[in-house]
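Data first, discussion second: the structure below is written as structure tokens.
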Amino acid sequence: MAYALQQLINGISLGMIYGLIAVGYTMVYGIIGMINFAHGDVFMIGAFVALIALLLLQLGGVMDGTAAILLMLLASVAVTALYGWTVERVAYRPLRGSFRLAPLISAIGLSIVLQNYVQVSQGARVKPVEAVLRGGVEVFREGDFAVQLSYMQMLIIGTTLAALAAFTILVTRTPLGRAMRACEQDRKMAALLGIDTDRTISLTFVIGAALAAVAGTMYLLRYGVIDFYIGFLAGVKAFTAAVLGGIGSLPGAVLGGLLIGLIETFWSAYFSVQYKDVAAFSILVLTLIFLPTGLLGRQEVEKV
Amino acid sequence: MSAEQSPLLELDAVSAGYGPVQALSAVSIRVMPGEIVTLIGANGAGKSTLLMTICGDPKPRSGRVLLAGTDIAGLPTHAIMRQGLAQSPEGRRVFPRMTIRENLLMGAETLAEGGDRSAQLDQVFTLFPRLRERLAQRAGTLSGGEQQMLAIGRALMSRPRLLLLDEPSLGLAPLVVRQIFGAIRDLNGKTGLTVLLVEQNANLALRLAHRGYVLVNGRIAMEGTGAELLARPEVRDAYLGGGAPLPPPLPADGPNPA
């Protein structure tokens, strides 16, 4: 019981990270109908910028945990958002109106470029960091097994919820959010109503990248180890989460992320850590076969 | 119409098309302020392309598109639409997963942020009372006629100088068509709204409009007042295959003053 509760906490905090990345996939898919295959690597860039920011802060003598984390987040969001904008400019916009697979291929190309760029500029070795935030609270005790909720997990859950709340307000309440939804439903019509659709698409990539930067920072803090290749696995898992939740559905992406996080954690806890990735990918296969529209995805029914 | 007025919209030898297809060849038309001008023609004559070309999608390959004297050809669509144009496009294109209210508000997107939209909403509801009853309903669940009303209402939300209407009668019951055409005439009469109307239902369109153009294979084949064109045997033979009883034509002496 206590063990399961602990796994639940672990799973949720991991799932939140996947959910944040998944939102980026599902947003871009919603607006241009394509998967951004460079998104996982944008997440990786986010983690690296956070790492560099942390090292600079430590050099500069900022040792206070909360301040350091806040500054890391800001730096990572700002720089990674720029990468998101660049991905759209380089891999997608020049190919708009081209055949459907073209931007997909250019995005995969850009993903390889980003990985190699980080590998060359930062080195291929894994980068460890010391824990910025230690300790936690004991929520529950059963015999000698104490269920811990670490400060780090609280931070992840809190930050992710805050980012998602801000994002939800943006999409549902602001002119930009309205423009995004309009572009998603009918881009040509959106333009006829005076919406700058290119700008809206750019901003969608920027916002997706900003959320991925938050995820990257949380990933760095949680695991304390990153390398240039983390974007691939995290990216594919977040993509799985987006598909499981229903690609194009924003709440679905978060739900899918939580489920993938929980499945992976419980699988590792009760079956085998070695096969945790297999569990996640089996979900992708099963979803695609039996539930192609995902849990919260909509059936494509359009009235003519 | 008075000779000293300058046109609100003027197409000067505009050619346009999609890819290898040349849909419009050296088309010249003028729309004076306060006029209802219709463009009739068979399927595939280039009517919708003409409206879309005015809106910059596709961009004209040659020629000029003058809005109140300024050349807008070559500007991006969103920039053109911010100059007082609104279009209710072919196929209606309402946002299916937005509510009626959200759809209407999208129409006012070009206006200053945070302004009061209640006057425009009221105007739309006066024209189409049915929309008021369904404000919170998703547009995808509306009937074809209601979607058409919504598309026109949405176009009116931006208080346009020039309203472009593409086939508002397409696929609708005659009663609904009459209602919509009546609304267009009301708007023109009461507010002096200038309208460029594309229609396949030539009979109806020519009775409504002050002037008309006939588009054949991407070229202007004829022009004249609604009454003149209605009387032409070529027009009768090609485009008027009888029809439902209709309201009488507008007086030929020009647009009503605002």
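All of the numbers you see were taken from the coordinates with simple rules; none came from a lab. It should be emphasised that the depicted structure is a prediction, and the values quoted were computed from it without experimental measurement. Ideal geometry is used to build each Cβ from the backbone, glycine not excepted, and the neighbour counts take in all protein chains shown.
Close lysine pairs were tallied over the protein assembly as shown: pairs 8 or more places apart or on different chains with Cα atoms under 20 Å apart number 5. Summary value for chain B: 26 percent relative contact order, contacts being C-alpha pairs under 8 angstrom separated by 6+ residues. Taking a span of 24 Å or more along the helix axis (Cα atoms) and a mean Kyte-Doolittle hydropathy of at least 1.6 as the rule, the DSSP H helices of chain A that qualify are A:39-59, A:65-87. Structural descriptor for the range A:15-231: relative contact order 42 percent, calculated from alpha carbon pairs under 8 angstrom and at least 6 residues apart.
Comparing mean-square fluctuations of A:Gly33, A:Gly248, A:Gly257 from a GNM of chain A with C-alpha springs under 10 Å, the top value falls on A:Gly33. When B:Asp166, B:Asp116, A:Asp198 are arranged by Cβ crowding within 10 Å, least crowded first, meaning fewest neighbours, the order is B:Asp116, A:Asp198, B:Asp166.
Taking other C-beta atoms within 10 Å as the exposure proxy, A:Ile31, B:Ile184 rank B:Ile184, A:Ile31 from fewest upward.
Computed about the Cα centre, the dipole magnitude for chain A is approximately 680 debye when only Lys and Arg (+1) and Asp and Glu (-1) carry charge, each at its Cβ. Among A:Ala146, A:Ala91, A:Ala241, determine the one that fluctuates most according to a GNM of chain A built with springs between C-alpha atoms less than 10 Å apart. Highest fluctuation among the options: A:Ala146. Of the residues A:Ser76, A:Leu221, A:Thr159, the one whose Cα sits farthest toward the positive end of the charge dipole of the range A:15-231, with +1 on the Cβ of Lys and Arg and -1 on the Cβ of Asp and Glu, is A:Ser76.
Which one of A:Val273, A:Phe99, B:Ala173 is farthest out on the positive end of the charge dipole of the protein assembly as shown, using unit charges on Cβ (Lys, Arg +1; Asp, Glu -1) and the Cα centre as origin? Towards the positive end, the residue furthest out is B:Ala173. Across all C-alpha atoms in the range B:1-106, the radius of gyration and Dmax reach 14.9, 47 Å.
Between A:Leu286 and B:Ser62, what's the calculated FRET efficiency when r is the beta-carbon distance and R0 is 56 Å? Round to 0.05. The formula returns an efficiency of 0.50 here. Ranked by the mean number of other Cβ atoms within 10 Å per residue, highest first, peptides A:165-175, B:52-62 order as B:52-62, A:165-175.
Between A:Ile21, A:Ile260, A:Ile12, the residue with the greatest mean-square fluctuation in the GNM of chain A (Cα pairs under 10 Å linked by springs) is A:Ile12.
Put a plus charge on the Cβ of each Lys and Arg, a minus charge on the Cβ of each Asp and Glu, and nothing anywhere else: the dipole of the protein assembly as shown about its Cα centre is then about 380 debye.
Summary of the geometry: the range B:192-236 and the range B:26-49, compared by the centres of their Cα atoms, lie 8 Å apart. Under the membrane-span-like helix rule (DSSP H runs whose alpha carbons stretch at least 15 Å along the helix axis, mean Kyte-Doolittle hydropathy 0.0 or higher), chain B yields B:144-156, B:174-191. The charge dipole of chain B, taken about its Cα centre with unit charges on the Cβ of Lys, Arg, Asp and Glu (plus for the first two, minus for the last two), comes to roughly 500 debye. Normalised by 2.2 N^0.38 Å, where N is the number of residues, the C-alpha radius of gyration of the range A:15-231 stands at 1.11. When the Cα positions of A:Phe205, A:Val254, A:Ala146 are compared along the charge dipole of chain A, A:Phe205 comes out farthest toward the positive end, with charges on each C-beta of Lys, Arg, Asp and Glu.
Can you work out the FRET efficiency for the pair A:Val126 and A:Arg298, with r the C-beta to C-beta distance and R0 = 25 Å, to the nearest 0.05? E(calc), rounded to 0.05, equals 0.05.
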